[in-house]
1. Suppose the filter is at pLDDT below 90 and acidic (D, E); does E760 pass it?
2. Yes or no: L319 of a type outside the set (K, R) and closer than 15 Å to F620 by Cβ?
3. When you check I301 against the structure, is it of a type outside the set (D, E, K, R) and under 21 Å from Y48 (Cα atoms), yes or no?
4. Which of the residues belonging to the stretch 316-343 are touching a Gly at 6+ places or on another chain (Cβ under 8 Å) and either without any contact (Cβ under 8 Å) to a residue 60 or more places away in the chain or surrounded by fewer than 23 Cβ atoms within 10 Å (Cβ to Cβ) (or both)?
5. Got a number for residues in the stretch 665-697 being in contact with a Phe, Trp or Tyr (Cβ under 9 Å, 6 or more places away or on another chain) and open to solvent by less than 30 Å² (accessible area, probe 1.4 Å)?
6. Taking the stretch 398-412 as the search range and keeping residues that are open to solvent by 60 Å² or more (accessible area, probe 1.4 Å) and assigned to a loop (DSSP other than H, G, I, E, B), which one is nearest to P361 (Cα to Cα)?
7. Name the residues in the stretch 467-482 that are touching a Ser or Thr at 6+ places or on another chain (Cβ under 6 Å), open to solvent by less than 40 Å² (accessible area, probe 1.4 Å) and not in a loop (DSSP other than H, G, I, E, B), would you?
Amino acid sequence: MRLFSRLRGWRRRLAFCLGLPLLLTVLWALFAPRPPLLEGVPFSVAVYDRHGRLMRLGLAADEKYRIFTPLEQISPTLREGALLYEDRYFYSHFGVNPVSLLRAAHTTYLSGDRRLGASTITMQLARLRLKLDTGNLWGKLRQIERALAYELHYSKEQIFEAYLNLAPYGGNIEGCGAAAQIYFQKSPDKLDLIESLSLVSVPQNPARRNPLAVRRLDEEGRRDAALEEARARLYGLWLENHPEDSGSGFMNRLPLRVHTPADLPFRAPHVTTEALRLFPASNEIYTSIDSRQQQLLERMIASMTQRNRSLGVNNAAALLLHWPSMEVRALVGSADFFNPAIEGQIDGSRARRSPGSTLKPFIYALALDQGIIHPRSLLYDTQRSFKGYDPENADQEFKGPLHATEALQMSRNIPAISLANELGRVKGEPDLYGFLRRAGVEFPHNRDHYGLTLVLGGAELSMRELAALYALLPNQGRYRELRLFRTGRTGGEGWAGGTGAYSSSAVLPDALGIPDPVGPAPAVVYDGEAAEPNSSRLLSPEAAIVALRMLRALPANQRIRNASIVGRIPMYWKTGTSNGLRDAWTAGVFGPYVLVVWVGDFNNASNQNFVGLRVAAPLFWDIADAIYNSENIRDQSMQGMEDLNLIRIKVCAATGDIDTSLCADTAETWFIPGVSPIADSGVYRRVLIDKTSGLRACVEEPGKTERVVMEFWPTDLLRLFRQAGVIKPSPPPFMPECEGGVVYGGYSGGLPPEILSPKEGVTYHRSVTRPEGSVVTLHASGDADATDFYWFSGKSFIGRSTPAEHIVWTPPGGINIISVVDNLGRSSSVKITVQQSE
């Protein structure tokens, strides 16, 4: 009896020794400051597409895969399973389950039987958060203290959420969010019963129950069954509460197919790399990318470069923009991100390149908006000089008179430059440079640096800037920035995108150890004026829509013509080729999309095949055709046209003149009342003809004269007509009694000559030692009835020429006024400067 009495006394003393620290632990928890829950825990940065599909997952700062997942976005099955398996009284206790704790203490420290666990979910969270060794008394007391503190300062939902985000799931995978994405390639809210119970079973023994263990065999070829056994026990407990799941075919799906971290997606590498650089502090980044369309563009570009490798075509980029929302749905920065031979990590959508002729549609849109043209206005594709700038067409030829729509679709340089030279003449109206500046295009130099070369790609733009510009047309002249990134869950705000390269002031941490291959944008100079990248209205709705319609054309390439999209929905597109054959472009609009493609090399190598129509256009049409075949798309760009200030009118088919009484053939065109030009071209004129002689009369005499409509084409165009085999009869000469240039009976004197050489404003050089070698060519173009040109320097007569001839003149030094007078007395002049030199 004395022995038993001593034993009971020893147990009371031991209970006191255990109870006192426990009491002190409770008191400390009550008065200790609020402990951090998840503050300071590093999480992985996850990048998702617009549908919430994972595109890329980075490691957290401690080299763990850990995705923060709110409790409400975790499968209810997994949540219930965790409570059932780990702590079914979680919502009843205060962080410590006294019954379980006393039973475990008695079994472990007093009876000497097998050790039992008594950790609640809150206590497990404390162990994970503080990285405690709970195999000793001190570690267990620290665990209890922190669990009590958690319960005192946080709600049950916050504690449960933190546990599910920190629970170990084998290897360097922590939290059910990362486990679901890695093992089952789905978000945790999409887990089914067997997947949920499989994950719930892991944290108690993550080393043996790692889901990847089902893929490993021991030396005898046997699979570790620890996870399967634990899951089977949990399934039995589950059925006690959910007998309806007994027929769910649970066992028929075993073993589960699981994936490894090596199987994690790495989609849209340029986009996700940019996302990780821009938002290093965000746990999750949502993009506007559609993974299906992204893969389609990647596949089409890979196929195109493979087919054309023998032509030296190794690289390409493309951007697909949903213009109603301005969301970038697909972005391929290069043909192969991992190929150093093509510098594949450079993002071609951000690289600044010469856009070639892809800016021409905006010249025509501005000309429409400023009342310079309508779609059938007559433009001249002839040799022109613009203050010393002598542009040519790509084919080294001139086509003569063209309608504005023809000139745009044929991408003729001279008409576009002529129109650009007319832009901005009215105060407040922008020229091309001003328009692009208002659209957020970044220029490293001022307006004068580029001049009219801007028309042909004399300044560099990024693909993103070009896509935003083309979206402006179906958006009826309203400029909006691209949308690409958004931090936070789907459905929230906070889009970010932009059109050009990054600002030079932006701090872009190198999240992947990959340097930024494009680099910061240079400083922007806008003639001392503030930039307006967020201007809302840059074109009138009428000008934007008409310019877009002018781009509608069928491809000449027969292979492209066989595409199923041809003729099904309108395609508005334009090609471009940079000077030196370094960049091939095609940009356009179809359905709800803007598509821009580029073909070239990042090392700026020249290639005779880098022509927009030759390599970029087929890629553009192939992508558009593939999208058309995979989606039910329709043309949306013309919606609301009935509400615009637009009408259809008849004009002369050959000249676009509004007065159709002068022409036999007419055609319809779009017209903006109060804006579109009404002045005639002057080609069709009513003249008095003497019935007897057939000559032009000066005075109308009933019965002797008649009014006849005749064509008056400038002499340089008549020469082009003759070269093309087209005979344009010249107007007859005047009767002898008529003195040229005088207006008789409504007869107009016609057009004055145009001096083609010398060039206005150009400085010429004259050698003092060899003045005879310093000559200037005198050449002019005149009206159809001009037969002779008389040249003067000041009041001194130089010589005579015909429209087909030119004469050579040795100018004196200084300022010279050169005049020309045609045979009908019409004249024009230019001022040149001649500098003397050795």
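1. On the way: at pLDDT below 90: yes; acidic (D, E): yes.
Yes: the conditions hold for E760.
2. Working: of a type outside the set (K, R): yes; closer than 15 Å to F620 by Cβ: yes.
Considered against the rule, which asks whether it is of a type outside the set (K, R) and closer than 15 Å to F620 by Cβ, L319 comes out as yes.
3. Details: of a type outside the set (D, E, K, R): yes; under 21 Å from Y48 (Cα atoms): no.
For I301, the condition - of a type outside the set (D, E, K, R) and under 21 Å from Y48 (Cα atoms) - is not met.
4. Answer for the stretch 316-343, where residues must be touching a Gly at 6+ places or on another chain (Cβ under 8 Å) and either without any contact (Cβ under 8 Å) to a residue 60 or more places away in the chain or surrounded by fewer than 23 Cβ atoms within 10 Å (Cβ to Cβ) (or both): M326, A335, D336, F337, F338.
5. Here the count works out to 7.
6. Start the filter on the stretch 398-412 by keeping residues that are open to solvent by 60 Å² or more (accessible area, probe 1.4 Å), which leaves 398-399, 406, 409-410.
Of the ones still in play, those that are also assigned to a loop (DSSP other than H, G, I, E, B) are 398-399, 410.
Values: F398: 20, K399: 19, M410: 12 Å.
Looking at residues that are open to solvent by 60 Å² or more (accessible area, probe 1.4 Å) and assigned to a loop (DSSP other than H, G, I, E, B), I get M410.
7. If we filter the stretch 467-482 for residues that are touching a Ser or Thr at 6+ places or on another chain (Cβ under 6 Å), which is where we start, we get 468, 474, 477-479, 482.
Keeping just the survivors that are open to solvent by less than 40 Å² (accessible area, probe 1.4 Å) gives 468, 474, 477, 479, 482.
Residue satisfying the conditions is A468 alone.
Conditions (1) farther than 19 Å from V202 by Cβ; (2) at pLDDT below 65; (3) surrounded by 13 or more Cβ atoms within 10 Å (Cβ to Cβ), marked per residue:
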| site | (1), (2), (3) |
| --- | --- |
| V47 | yes, no, yes |
| G81 | no, no, yes |
| H93 | yes, no, yes |
| A104 | yes, yes, yes |
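The values are calculated or read from the model by the stated rules, or taken from the named source; none is laboratory data. Since this is a predicted model, take the numbers as computed values, not measurements. We place every Cβ from the backbone using ideal geometry, glycine too, and count neighbours over all the protein chains shown. Protein only, heavy atoms only, side chains kept; ligands, DNA and RNA dropped before computing areas. Shrake-Rupley method; radii C 1.70, N 1.55, O 1.52, S 1.80 Å.
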